[in-house]
1. According to a simple spin-label model (label point 7 Å from Cα along Cα-to-Cβ), what is the distance in nm between LEU128 and ASP38?
2. Set the bar at 30 Å for Cα to Cα. Now go through LYS62/LYS150; LYS80/LYS122; LYS75/LYS143; LYS69/LYS143; LYS80/LYS150 and name every pair that lies beyond it.
3. Of the accessible area of region 15-110, with the probe set at 1.4 angstrom, what percent is carbon plus sulfur?
4. At 1.4 Å probe radius, can you tell me the per residue accessible area of region 13-73 in Å²?
5. Please name whichever of ALA115, VAL126, TYR104 sits farthest to the positive end of the charge dipole of region 77-150, dipole taken about the Cα centre and charges placed at Cβ: Lys and Arg +1, Asp and Glu -1.
6. Name all residues of region 26-54 having a backbone nitrogen under 17 Å from the label point set 7 Å from the Cα of ALA114 along its Cα→Cβ direction, giving them as ranges.
7. Modelling each spin label as a point 7 Å along the Cα-to-Cβ direction, I'd like the SER72/ASP99 distance in nm, to one decimal.
8. Is the shape of region 22-75 best called rounded, prolate or oblate, per the rule: a/c under 1.5 gives rounded, else a/b larger than b/c gives prolate, else oblate, with a ≥ b ≥ c the square roots of the Cα gyration tensor eigenvalues?
Amino acid sequence: MDKAMSTSSKGKIEQMQEIPYQNAVVSLMYASIGTRHDITYAVSRACQFANNPGRQHWIAVKIILRYLKGTSSQKLTFTKSKDTSLKVFCDADWGSDEDERRSYTGYLFALAGAAVSWESRKQPIVALSTTVAEYMVLTETWKEALSITKTL
């Protein structure tokens with residue numbers, strides 16, 4: 001998804017205003033934050049075009065909704081295990097946002113095999129290399145780790 005998919009003609013803008021794009025994106029964001037970490041990246045991308053969505057953006061939102069419907073029986077579970085360690089995963093890409101050339105940050109904290117904290121968002125500044133993008137995600141992950149360990 002990129003800005004080129006947004007509507008530009010007056011007729012198409014009026015047509016897109018009839019579609020509940022913003023309502024759908026807000027609902028998806030709520031699900032992403034609350035229980036469905038697996039859609040966080042896709043929802044983050046869809047939110048970027050809430051002010052001027054195009055037909056392709058709406059199709060992408062419907063794909064996310066279909067995915068949720070198809071996976072509604074799946075759930076997060078905590079398993080009884082001797083290993084109760086906190087596992088951390090983080091990654092960043094380098095400049096994948098074609099409009100602004102910013103990188104995306106993502107991390108996941110799992111306790112007893114279930115996700116307890118996660119995030120996927122665009123980095124605030126443009127990273128000049130893959131290494132810089134990775135350092136930025138490590139910094140954000142470390143800040144979240146400090147916050148989580150204070151509550152445990």
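1. Spacing of the two 7 Å Cα→Cβ label points: 4.0 nm.
2. Flagged as over cut-off: LYS62/LYS150; LYS80/LYS122; LYS69/LYS143.
3. Values: 3390 of 6220 Å².
Result for region 15-110: 55 percent of the exposed heavy-atom area is carbon or sulfur.
4. 61
5. ALA115
6. The answer is 32-38.
7. Once both label points are built, they end up 3.1 nm from each other.
8. Prolate, because a/c is 1.5 or more and a/b exceeds b/c.
The values are calculated or read from the model by the stated rules, or taken from the named source; none is laboratory data. Bear in mind the structure is a predicted one, so any value in this text is a computation, not a measurement. Heads up, the Cβs are rebuilt from the backbone with ideal geometry, glycines too, and the neighbour counts pull from every protein chain shown. To get the accessible areas, we keep the full protein, side chains included, count just its heavy atoms, and leave off ligands, DNA and RNA. Shrake-Rupley method; radii C 1.70, N 1.55, O 1.52, S 1.80 Å.
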